[in-house]
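A.B. asks: Please read through the structure below; I'll follow up with questions.
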């Protein structure tokens, strides 16, 4: 039947709704509205009416509020910088990798340090035996730095360093290495992450408590704005929040709130806004929620512009949010690993449409280990293909004017404003962190997200849907941690034998005094100490004497995970098995969830803890950064059935056997040891041979893991 | 028992598990164990510490524990946490908050979940104290969250009951549960550092005047101290207060009286537990109980008459 409508009028939204209803066989189109993780309602269709009230509709790229980009011409003028983050165990190996990357089309160097360095320990420190050279390069002194940047012209190549805890000695080491290469400080360009606030919320690679940590940041900003005008003193990072399970709105809000706190810190240190604001940069994680990620990046520029305007800058550059992006590591899967190339490509495109200034694309094996050469090449080529084979770069902000994108941009901005308001009313981020609220919010989001994935409400192809029966073995880079440690220790001995100890002691004492009195600049003194061949650990200790070492306040959420499983058959089944266990054993199954070594990624451990408790285990938590010996003791004292080791930093091969040995020596062989996290397949057999009872890779649904653990414990106890 | 006495932590830990077990056979074994332990017990100073979550109990205990260990004592910490949800298990993060103390050879930290039967694990804390004493611990600190029944129970099994509160402008005092002031042998306004020094002083004054309304013993009126666990001197001061009290009650003979009275309480609790255990283990009485419950609900019989019937049934066994 012909529609009787007037054909001269364009069809209206109501016409569409009517047609849609027919196509949906009578159901309402409202059923197609979905709620995103951020709590934003995403509609199946956006129209003119969604953007009518937006204030920023006709803005221009390169001009406030910068929604459409930081520069007028964006990639049409020059594409983003390809910057691949990497660090391989030793300075020599990393240096070789950087040189290869630079000759293969890479445009900057990005250094990953090992966890011992992050936490301000030298390689010979007893607490870091399992961490040296894992997850990044081991650096103990200027000598290592010089090898790291050998034959890389530091006046031409920009260097990005992911360092937050031991920022002072690492930044100073880089400065001195350049100096000895003949490059003066004012010619150095690059970025140091130096974002300590997020460390207290996620990732945990801090050294000192929040207050002295903020002073360090103030000193660095002060020094660099004077001496190193081309260097970005801080990279305010949302990436790690997203990796820890935060949704895009949380990531956006807390990162901007961190930024605001840094502005206040620098102003308090006596700088004016224009002295440093142009050198602040940001760092976003880009996940699989394509539209939302683009909207997030556009909203971020607008919100930051508004925040900085409050401080009345004269330099327009002060209010521009420039950002680096990295594709999400969380979204990568161990199962069907080649799918990761596709995921990374889509995420990279979101980052590009969002208008990033530089980009790291993850390697396909990044869910398992440090990238192999093959995987690193594909990751780099992914960006080159987008830059050079597609026409994507030819248009500035191609999503501008899209009803959907403009509307989402406003909505996510609104969500973020709400969350930022909460932080502001707590007295700013530094104060809010003390209450533990932001950390708890992120952990809650993480537990919810994990439950959605485990239940299959959020699909990950090859993990919880369309699971492949064939297993692709990916070759993984192997690191001999013992060997790295030994060579580092030898170099430390050499340095300590040949330096002017007296002169160094004087400077280190001055550093301690400066920490104590608050007079003078910590970076300036650290540079002096590094020139005299101080080690990272010595510099850190000199300040730790005054500042102390920060310890995390562990808080946990309960009930969030279990709530998603209300009425679930399998879930109830496990609960029943546990009831049976109690009837037989006289108590609940008890598990100690632990983190060993300097690996501070505790999202996995926290989510497992809350989920296991919700299903009916008694769950003990170990302090962060425990040694195997300490964990064994905790297991004994709390008399647990199971120790669950969460490992994400590649130190499982040394720490887990050590733990099993300790348990044996305490006469507690029957305690079941299980391992979860990032464990390469090729290590499984070795761990099992040592006595590990089962291993859970990324993507294991927690109820499945719980059921398996129960079975093992029941077997052990009845035999 | 020999192994516990020799200081083997593994055996001590296993023995505590046995005490906490809900199985009948384990209960019998623990009875034997506690009997043996009694001979070697009684030598420690038992201190209960309570306060709302976030008041800083763990940080305080860590600081105090380290100080005591450095002074040559062996310290056991028993953490009772009744705040876990009813349906699932508990998350026990106590050691994350006592990281340094947990590394000490002369420390033993045992967090206990409440998922036991009959009044929860707090009931078994008393027996656990005895085992710790047999294992040679000089000071036993019992940490309990100030919600539910546990603080009352714990106060009835320690020599000194310390109540911690947060600095505040008076609301805190009103939020304190009735009766907690009577239970306290000493009070600490904690987290008195930085911005809170002033409000801590106000809280302290309010507590002092509130306490002055209570009947105090002739030689001890409950002191109120302010404390920051970042300041070792404050923590030592709190310990000095506890030590002073201990010396006084020991000299006056009140310590013995207090512990004797606690033993009577203990006995009564055990009788109650055993009787209820017997009621529940007899299938005839169990079904009678179910029947009577329904009748009471329907108002067909008074609770009083129903209870009489049950006791009679017990007599007829």
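FYI, it's all coordinate maths here, none of it is from the lab. These numbers were taken from a predicted model, which means no experiment stands behind them. We place every Cβ from the backbone using ideal geometry, glycine too, and count neighbours over all the protein chains shown.
A.B. asks: Taking 0.36 nm per intervening residue step and subtracting the Cα-Cα distance, what contour gain separates residue B:152 from residue B:32 on full extension?
C.D. replies: Between residue B:152 and residue B:32, full extension yields 40.5 nm more.
A.B. asks: Another question, then. Just how far, in whole angstrom, is the stretch A:273-291 from the stretch A:369-422 if you go by their alpha carbon centroids?
C.D. replies: Computed from Cα coordinates, the inter-centre distance equals 12 Å.
A.B. asks: Which parts of the stretch A:520-544 would a label at residue A:268 reach, counting a residue when its backbone N lies under 17 Å from a point 7 Å out along Cα-to-Cβ?
C.D. replies: A:520-522
A.B. asks: Here's a follow-up. Can you give me the relative contact order of the stretch A:39-127 as a percent, contacts being Cα pairs under 8 Å and 6 or more apart?
C.D. replies: After rounding, I find 17 percent.
A.B. asks: Please give the calculated 222 nm ellipticity per residue for the protein assembly as shown, where each DSSP H segment of at least 4 residues contributes -39500 (n - 2.57) and the sum is spread over every residue; nearest 500 deg cm²/dmol?
C.D. replies: After summing the helix terms and dividing by the residues of the protein assembly as shown, the value is -16000 deg cm²/dmol.
A.B. asks: Let me know the mean shielding of A:109-115 by other chains, meaning the per-residue number of their Cβ atoms within 10 Å of its Cβ.
C.D. replies: Mean partner shielding for this stretch: 0.
A.B. asks: May I pose another question? So for B:159, A:53, fewest C-beta neighbours within 10 Å to most, what's the order?
C.D. replies: Starting with the residue having the fewest Cβ neighbours, the order is A:53, B:159.
A.B. asks: Then there's this: Just tell me how shielded A:584-591 is by partners: mean number of partner chain Cβ atoms within 10 Å of each residue's Cβ, no decimals.
C.D. replies: So the per-residue partner count for this stretch is 6.
A.B. asks: Can you grab the distance from the C-alpha centre of the stretch B:254-269 to the C-alpha centre of the stretch A:296-350, Å, no decimals?
C.D. replies: 66
A.B. asks: A further question on this structure: Limiting things to C-alpha atoms, what are the Rg and the maximum Cα-Cα separation (Dmax) for the stretch A:77-128, in angstroms?
C.D. replies: 14.3, 52
A.B. asks: Averaged across A:554-560, how many Cβ atoms of other chains sit within 10 Å of each residue's Cβ atom?
C.D. replies: Per residue, the number of nearby Cβ atoms from other chains is 4 on average.
A.B. asks: Which whole-number percentage describes the relative contact order of chain A, with Cα contacts under 8 Å and a sequence gap of 6 or more?
C.D. replies: Computed value for chain A: 15 percent relative contact order.
A.B. asks: Fewest first, what order do A:75, A:254, A:690, A:98 take by the number of other Cβ atoms within 10 Å?
C.D. replies: A:690, A:75, A:98, A:254
A.B. asks: Mind sorting A:156, B:95, A:21 by how few other Cβ atoms lie within 10 Å of their own Cβ, fewest first?
C.D. replies: A:156, A:21, B:95
A.B. asks: Would you mind estimating how fast the stretch A:459-540 diffuses translationally, via Stokes-Einstein at 4 °C and 1.567 mPa s with the Kirkwood radius over Cα pairs, in µm²/s?
C.D. replies: Result for D is 77 µm²/s.
A.B. asks: So, one more: Ordered by packing density, taken as the mean number of other Cβ atoms within 10 Å over each peptide's residues, highest first, how do A:211-224, A:280-293 rank?
C.D. replies: A:280-293, A:211-224
A.B. asks: Along its three principal axes, how long is the stretch A:642-719 when you only count alpha carbons? Whole Å, largest extent first please.
C.D. replies: Sorted from largest, the Cα extents of the stretch A:642-719 read 30, 28, 17 Å.
A.B. asks: Can you give the Rg and Dmax of chain A based on its C-alpha atoms, in angstrom?
C.D. replies: Radius of gyration, then largest Cα-Cα span, for chain A: 26.2, 97 Å.
A.B. asks: A further question follows. Sort A:543-554, B:290-301, B:191-202 by packing, meaning the average of other beta carbons within 10 Å per residue, with the highest value first.
C.D. replies: A:543-554, B:191-202, B:290-301
A.B. asks: Sticking with this one: Where a ≥ b ≥ c are the square roots of the eigenvalues of the C-alpha gyration tensor, would you call the stretch A:45-179 rounded, which needs a/c under 1.5, or, failing that, prolate if a/b is larger than b/c, or oblate?
C.D. replies: Prolate shape, in that a/c is at least 1.5 and a/b is the bigger ratio.
A.B. asks: May I pose another question? Across 20 Å bins from the origin, how do the percents of Cα pairs in chain B run, short distances first?
C.D. replies: Calculated P(r), rounded to whole percents: 29, 53, 17, 0.
A.B. asks: Relative contact order (percent) for the stretch B:177-259, with alpha-carbon contacts under 8 angstrom and 6 or more residues of separation?
C.D. replies: The value is 32 percent.
A.B. asks: Quick one, what does Rg over Rh come out to for the stretch A:260-353 if you take C-alpha atoms and the Kirkwood Rh?
C.D. replies: We get a ratio of 1.13 for the stretch A:260-353.
A.B. asks: Return the whole-Å distance between the Cα centroid of the stretch A:126-165 and the Cα centroid of the stretch A:471-549.
C.D. replies: 12
A.B. asks: Shifting gears a bit: Please work out whether the stretch A:194-334 counts as rounded, prolate or oblate from its C-alpha gyration tensor, where a ≥ b ≥ c are the square roots of the eigenvalues and a/c under 1.5 means rounded, while otherwise a/b larger than b/c means prolate and anything else oblate?
C.D. replies: oblate
A.B. asks: Also, quick follow-up: Mind giving me the nanometre distance, one decimal, between the label points for residue A:157 and residue A:8, set 7 Å out from Cα along Cα→Cβ?
C.D. replies: It is 7.0 nm.
A.B. asks: If you don't mind, another one. By how many degrees, between 0 and 90 and to the nearest 10, does the Cα long axis of helix B:122-134 differ from the longest principal axis of chain B?
C.D. replies: It is inclined by approximately 60 degrees.
A.B. asks: Work out, in µm²/s and without decimals, the Stokes-Einstein translational diffusion coefficient of the stretch B:268-315 at 25 °C, 0.890 mPa s, Rh from Kirkwood over C-alpha pairs.
C.D. replies: Roughly 219 µm²/s, to the nearest whole number.
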